[in-house]
Amino acid sequence: MISKSVEETGKIARDIVKKLKPQATATVFALSGNLGSGKTTFTKAFAEAIGISSSEITSPTFVILKNYDISFCGFKKFTHIDAYRLEKAEEIVRLGWEALVFDPTNLILVEWPEHISAVLPKDSHTITFSVVDENTREIGL
């Protein structure tokens, strides 16, 4: 998909949210792409669509993960993870990863999933972001 604006990226995120429903374990989205490719913009729109103010969403680069209580289509917790600073998947495990992914009421978005690929569930939904030009992004679902 091609997005030519923040608004179009938001629409793509909202369209994905419309299709959400809990699974047997947590629903995990792996957002992959270079700096400035639209991952956090997507996350803000996604969070807003599930009832979290976009002003509350910032990339958790320094704290690694942020949890938000939600009540959306059977989901109770939204976790936003920025794995950029992690060097090994074991680092996210120490932060309670296994409990997060075990709970089907959790909705998890991971930026920089490549850093923790060894522990990502096999049924994670990968979304790729690429910069085409200053205003255009290619988003692969």
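Here's the yes/no breakdown for (1) under 23 Å from R137 (Cβ atoms); (2) within 15 Å of the chain's Cα centre (by Cα); (3) without any contact (Cβ under 8 Å) to a residue 40 or more places away in the chain:
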{"residue": "E7", "(1), (2), (3)": "yes, no, yes"}
{"residue": "G10", "(1), (2), (3)": "yes, yes, yes"}
{"residue": "A26", "(1), (2), (3)": "no, yes, no"}
{"residue": "F29", "(1), (2), (3)": "yes, yes, no"}
{"residue": "N67", "(1), (2), (3)": "no, yes, yes"}
{"residue": "I81", "(1), (2), (3)": "yes, yes, yes"}
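Take L141 and tell me if it is surrounded by fewer than 20 Cβ atoms within 10 Å (Cβ to Cβ), farther than 29 Å from E7 by Cα and among the aliphatic types (A, V, I, L, M).
Here the answer is no, as L141 does not meet what is asked.
Quick check on F42: is it of a type in the set (F, W, Y) and within 24 Å of E138 (Cα to Cα)?
When the stated conditions are applied, F42 passes them.
In the range 38-50, which residues are farther than 14 Å from H80 by Cα and either modelled with pLDDT under 95 or of a type in the set (V, I, T) (or both)?
Listed by number, the list holds a single entry, G38.
Need at least 1 residues that are surrounded by fewer than 16 Cβ atoms within 10 Å (Cβ to Cβ) per element, so show me which strands (runs of 3 or more DSSP E) inside the range 1-108 make the cut, counting only ones lying wholly within it.
In the range 1-108, 65-72, 75-82 are the strands (runs of 3 or more DSSP E) which contain 1 or more residues that are surrounded by fewer than 16 Cβ atoms within 10 Å (Cβ to Cβ).
Quick check: is even one residue across the range 116-138 part of a strand (DSSP E or B), under 17 Å from I64 (Cα atoms) and touching a residue at least 40 places away in the same chain (Cβ under 8 Å)?
Scanning the range 116-138 turns up no residue that is part of a strand (DSSP E or B), under 17 Å from I64 (Cα atoms) and touching a residue at least 40 places away in the same chain (Cβ under 8 Å).
The values are calculated or read from the model by the stated rules, or taken from the named source; none is laboratory data. Just so it is clear, the model here is predicted, and its values are computed rather than measured. All Cβ positions, glycine included, derive from the backbone under ideal geometry; neighbour counts span all protein chains shown.
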